[in-house]
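Engineer: Mind having a look at this structure? Questions to follow.
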Amino acid sequence: MARLSELGIDFDHWCFACGRANPYGLHLDFDVARGRAETTLVSRREHTGYDGFVHGGIVTALLDETMGWAIFHQGIWGVTARLAVSFRRPVPVGEPLTVRAEVKKETRRAVDIHGELLDSAGTLLADADGTFVVMPEQRRRELERRYSRIDEAFTKVREAVAQEEKQRDQGEGPLFSRAERGVRT
């Protein structure tokens, strides 16, 4: 998987989930591969719903954002059209969490994605299924102008994903994600 910040992806914006400019945000970074994305987080007290547990809105934001990044390497700009979250177990504050997402189905106009939130032992805490609608061309161009280096970012991510797949096919690359290898970020 390719770490977006290591490829020079610009996170200097106000997105609650991944933006660095937002002092209240989650400041997530992502590992991406073909049709997949993953992030890790240690939740903070500010993310509390009931005492000691992460608020369901934060859990939903984690899943939604990670699912959205699962289509990034393809240069697809999508917006969440539908998101169904299942809360399996309480999500403790202050514990390492891993969020994964994988594309399940693609059409010309929409992408279906599944996401999971796990604790450090790999226990499923929440999961989601969502549909992301491909953004209209005009809106995509507007966003590309706002995030001026986006073509460069897509190119870097595609190259990193292709290199990883080549290494894996040759038996040289990592077979598991950072979280599956026990790497914390």
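Here, each number is a calculation from the coordinates, and none is a lab measurement. Bear in mind that the values here come from a model prediction, so they are computed numbers and not experimental data. Every residue, glycine as well, gets a Cβ built from its backbone with ideal geometry; the counts of neighbours run over all protein chains shown.
Engineer: Under the rule of at least 5 residues apart or a separate chain, name every residue whose amide H is placed under 5 Å from the amide H of Gly78.
Structural biologist: Those lying under 5 Å, H to H, from Gly78 are Met135.
Engineer: Sum -39500 (n - 2.57) across every DSSP H segment of at least 4 residues in the chain, then divide by the residue count to get the 222 nm mean residue ellipticity, nearest 500. Present the calculation step by step, with values, prior to reporting the outcome.
Structural biologist: Values: 3 runs with 44 residues, N = 185.
About -7500 deg cm²/dmol.
Engineer: Something else: Along Cα→Cβ, 7 Å out, is where each label goes; now give me the distance between the ones at Glu142 and Trp14 in nm to one decimal.
Structural biologist: Rounded to a tenth, the inter-label distance reads 1.5 nm.
Engineer: Cα centroids of segment 89-104 and segment 12-76: how far apart, whole angstrom?
Structural biologist: 10 Å
Engineer: Give the calculated FRET efficiency between Leu7 and Met135 to the nearest 0.05, with a Förster radius of 30 Å applied to their Cβ-Cβ distance.
Structural biologist: Values: r = 22 Å, r/R0 = 0.73.
Plugging the Cβ-Cβ distance into 1/(1 + (r/R0)^6) gives 0.85.
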